[in-house]
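**Q** Quick one: structure below, then a few questions.
The values are calculated or read from the model by the stated rules, or taken from the named source; none is laboratory data. Keep in mind it's a predicted model, so treat the numbers as computed, not measured. Please note: Cβ atoms are built from the backbone with ideal geometry, for glycine as well, and neighbour counts cover all protein chains shown.
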Amino acid sequence: QVQLVESGGGLVQAGGSLRLSCAASGRTDNSYSMGWFRQAPGKEREFVAASWRGMSTYYADSVKGRFAISRDNAKNTVALQMNSLKPEDTAVYYCAAKLGPGITTRVDGMDYWGKGTLVTVSS
């Protein structure tokens, strides 16, 4: 079992930055990938970024060059640095974990989810 708790959401103006953090507890062998997904009002949950042990990362095209995922294996945390935020980035951001090697961008491919943190970007 892996428990995930997100923090760092809030309100920011367009062009600003926010840093989300996710703390994992329970399973601490790091044999799982961690990622971020988001769900905007009225839309389906979508992939944002993922990291496999901090060695490989993958991003959605919509956030490439603006967002950066980082993982601290010693602390069992994963962060999402979000820069140049746009109003369309407004969503609830979820931390997720997938057991085993490799990265998936599929919502149904993740095994554990946090409760989410709201990010609101004003224009």
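**Q** The conditions are (1) touching a residue at least 40 places away in the same chain (Cβ under 8 Å); (2) within 17 Å of Ala23 (Cα to Cα), and Ile103 fails exactly one of them. Which is it?
**A** The one condition Ile103 does not meet is (2).
**Q** Sticking with this structure for a sec: Please find, within region 24-34, the residue that is modelled with the highest pLDDT out of those that are of a type in the set (Gly, Ala, Ser) and surrounded by fewer than 16 Cβ atoms within 10 Å (Cβ to Cβ).
**A** The extreme case among them is Ser25.
**Q** Ser84 passes all but one of (1) in a loop (DSSP other than H, G, I, E, B); (2) farther than 19 Å from Gly9 by Cα; (3) hydroxyl-bearing (Ser, Thr, Tyr); which number fails?
**A** Unmet for Ser84, out of (1) in a loop (DSSP other than H, G, I, E, B); (2) farther than 19 Å from Gly9 by Cα; (3) hydroxyl-bearing (Ser, Thr, Tyr): (2).
**Q** In region 61-72, what count of residues is obtained for those that are assigned to a loop (DSSP other than H, G, I, E, B) and surrounded by 15 or more Cβ atoms within 10 Å (Cβ to Cβ)?
**A** 2
**Q** In region 90-110, what residues are over 18 Å from Ser62 (Cβ atoms) and part of a strand (DSSP E or B)?
**A** Listed by number, the residues that qualify are Cys95, Ala97, Lys98, Leu99, Gly100.
**Q** Please determine whether any residue of region 35-57 is out of contact with any helix residue (DSSP H, G or I) (no Cβ under 6 Å at 6 or more places or on another chain), buried (at least 18 other Cβ atoms within 10 Å of the Cβ), in a loop (DSSP other than H, G, I, E, B) and among the hydrophobic types (A, V, I, L, M, F, W, C).
**A** no
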